[in-house]
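*Asks:* Starting off with a structure, shown below.
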Amino acid sequence: MVARGALRAGALVVGARPAWAGRNYLLLTGATVIANLGSSGALIATAFAVLASGGSATDVGLVAAARTVALVLFLLLGGAVADRLPRHRVMVAANALSCASQGLFALLVLTGEPRLWQMTVLAALGGTGQAFFAPAAEGMVLASVSGDQAGRAFAVFRMGMNGANIGGTALGGALVAAVGPGWVLAVDSASFAVAGLLRAFLDVEKVATRAPGGGVLHDLRDGWREVVSRPWLWTVVVQFSLVNAMVSAAEAVYGPLVAEQHLGGPGPWGLALAAFGAGTVGGALMMTRVKPHRLLLTGSLCVFPLALPSAALAVPLPATGLGMIMFGTGVAVEVFAVMWMMALHQEIPEEKFSRVSSYDWLGSLAMVPLATALAGPVQDLIGRQAALWGCSAVIVLLTGAVLCVPDVRRLTRRTTPEPAAEGAVSRAAWAGEPHTAEAE
């Protein structure tokens, strides 16, 4: 089954595209692969640019935090704007902002020693671009294919995106060593330019024009009502606000420390992260063929493995065992990602999708900076091993609590998603009766 999925996914790359992969789908997927190749390498280049200018590890964290803070601050506004304006234009404008900010960053690095405040401002501009891009982009891929092929389309899309992340990270690291961070940042700027150009050619003639709302604040309140009126939605958003925080603390802070003291240094830790990335590609490949009936029950069960890497670091397991766990976790994460996006695409009214997506993004990111900042003090207070076991316990308890929500267990797949009723979820999804048979 997986082998046949690999053949069909490969056909998309070599040119014999499936019938469901139309022009818009190919443009969106190609743009995302190109942008992620550049962005993954740029994350490494940014850190080394700060260090090369005489900055400290604290300065590296400050520049990284500036991007995340801007992303969190502007996400809700980005979602409201994307529901008021043509989404493809918002995506192109966001790509243009990212292209300009990274291009200026590259110019500063290549022509002299950039100052810390300059790099911080430019990183924040990049985060702002992502804040407007992400809500507009959510659902665009699924909207470009028919309902019965949406899961496969999103899985192939995710496979390309994750593959680009892995390749971009490896290539970016090599290029930083070979030619310096400035040129890698310049490549990232060019990748945003190409991606924006591809997205400018999207065919939106068949997209229904959305009537203007009552203002941005009205739209944000309306989006909030859409979220809180659906128990399956707000419970998972709350769950992942803490799950992502625990995972980030374990991988960004504790993981490198454990690797340095017990696993042999950064090499084995890098291989473990690469195994996770390979797992996400494998999970996306599997989801091109597998179509679970109960979307969120399947997805939520696949959240439990996210507790395993923290537990493996707490033991700690040898590098080989950790790599195997990271691979399996990557597979599980990808199954959840496809199931979650399918649920959103099926149940959220199209005209409100971006503002709902912005609340989803906000919940996923809001606690991450706090968790990484507190990871060190918590380790000093209770010890690293206890902190890692605590991360695992929080993930397991939260996931178990979400599975106690009836709507999470009952939400089922429909072959052809019908437009969700304004302000309400289609009751057919909750009935539990069989029905005929979703990052840049």
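The values are calculated or read from the model by the stated rules, or taken from the named source; none is laboratory data. For clarity, every value in this text was computed on a predicted model and none was experimentally measured. Here the Cβ is made from the backbone with ideal geometry for all residues, glycine too, and neighbour counts use every protein chain on show. The accessibility values were calculated without ligands, DNA or RNA, using every heavy atom of the protein model including side chains. Shrake-Rupley method; radii C 1.70, N 1.55, O 1.52, S 1.80 Å.
*Asks:* Within the stretch 111-118, can one find any residue that is open to solvent by less than 20 Å² (accessible area, probe 1.4 Å) and farther than 30 Å from P292 by Cβ? Lay out the reasoning, then the answer.
*Replies:* At the first step, the residues of the stretch 111-118 found to be open to solvent by less than 20 Å² (accessible area, probe 1.4 Å) are 114.
Narrowing the set further to residues that are farther than 30 Å from P292 by Cβ leaves 114.
Scanning the stretch 111-118 turns up at least one residue that is open to solvent by less than 20 Å² (accessible area, probe 1.4 Å) and farther than 30 Å from P292 by Cβ.
For every residue, the table says whether it meets (1) surrounded by 24 or more Cβ atoms within 10 Å (Cβ to Cβ); (2) in contact with a Phe, Trp or Tyr (Cβ under 6 Å, 6 or more places away or on another chain); (3) among the hydroxyl-bearing types (S, T, Y); (4) in a helix (DSSP H, G or I).
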{"site": "P135", "(1), (2), (3), (4)": "yes, no, no, yes"}
{"site": "I166", "(1), (2), (3), (4)": "no, no, no, yes"}
{"site": "T169", "(1), (2), (3), (4)": "no, no, yes, yes"}
{"site": "V187", "(1), (2), (3), (4)": "no, no, no, yes"}
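*Asks:* Among E205, E251, which is the only one that is open to solvent by 20 Å² or more (accessible area, probe 1.4 Å), farther than 17 Å from K352 by Cβ, part of a loop (DSSP other than H, G, I, E, B) and modelled with pLDDT under 90?
*Replies:* Numbers: E251 fails: part of a loop (DSSP other than H, G, I, E, B).
Of E205, E251, the one residue that is open to solvent by 20 Å² or more (accessible area, probe 1.4 Å), farther than 17 Å from K352 by Cβ, part of a loop (DSSP other than H, G, I, E, B) and modelled with pLDDT under 90 is E205.
*Asks:* What's the number of the only condition in (1) open to solvent by 10 Å² or more (accessible area, probe 1.4 Å); (2) closer than 23 Å to N162 by Cβ; (3) acidic (D, E) that E334 fails to meet?
*Replies:* Among (1) open to solvent by 10 Å² or more (accessible area, probe 1.4 Å); (2) closer than 23 Å to N162 by Cβ; (3) acidic (D, E), the lone unmet condition for E334 is (1).
*Asks:* Quick test for you: out of G196, G180, pick the one residue that is at positive phi and open to solvent by less than 20 Å² (accessible area, probe 1.4 Å).
*Replies:* On the way: G196 fails: at positive phi.
Answer to the check: G180.
*Asks:* I've got another one for you. Quick test for you: out of R152, R199, R210, pick the one residue that is assigned to a helix (DSSP H, G or I), at pLDDT below 80 and among the basic types (K, R).
*Replies:* Values: R199 fails: at pLDDT below 80; R210 fails: assigned to a helix (DSSP H, G or I).
Every option except R152 fails the conditions.
*Asks:* Which condition does V121 not pass, out of (1) surrounded by fewer than 24 Cβ atoms within 10 Å (Cβ to Cβ); (2) touching a Gly at 6+ places or on another chain (Cβ under 7 Å); (3) at pLDDT 90 or above, if it passes all the others?
*Replies:* V121 satisfies every listed condition except (2).
*Asks:* Mind checking which residues of the stretch 225-246 are under 19 Å from the mean Cα position of the chain (by Cα) and open to solvent by 30 Å² or more (accessible area, probe 1.4 Å)?
*Replies:* Passing the criteria: W234, V238, L242, N244, M246.
*Asks:* Let me ask another. A178 passes all but one of (1) more than 20 Å from G41 (Cβ to Cβ); (2) at pLDDT below 85; which number fails?
*Replies:* (1)
*Asks:* Please note which helices (runs of 4 or more DSSP H) are completely contained in the stretch 366-440 and include at least 3 residues that are open to solvent by less than 30 Å² (accessible area, probe 1.4 Å) and at pLDDT 90 or above. Let's see the steps before the verdict.
*Replies:* Numbers: elements: 368-382, 384-403, 406-410.
The helices (runs of 4 or more DSSP H) meeting that bar are 384-403.
*Asks:* Right, another one. Can you tell me how many residues within the stretch 338-355 are more than 27 Å from M286 (Cβ to Cβ) and either open to solvent by 10 Å² or more (accessible area, probe 1.4 Å) or part of a helix (DSSP H, G or I) (or both)? Explain how you work it out, then say what you get.
*Replies:* From the stretch 338-355, those more than 27 Å from M286 (Cβ to Cβ) are 349-352, 354-355; that's our starting set.
From the residues that got through so far, the ones that are either open to solvent by 10 Å² or more (accessible area, probe 1.4 Å) or part of a helix (DSSP H, G or I) (or both) too are 350-352, 354-355.
Residues meeting the conditions: 5.
*Asks:* Right, T320: hydroxyl-bearing (S, T, Y), crowded, with 24+ Cβ neighbours inside 10 Å and part of a helix (DSSP H, G or I) or not? Working first, answer last.
*Replies:* Numbers: hydroxyl-bearing (S, T, Y): yes; crowded, with 24+ Cβ neighbours inside 10 Å: no; part of a helix (DSSP H, G or I): yes.
No; evaluated as a whole, the condition is false for this residue.
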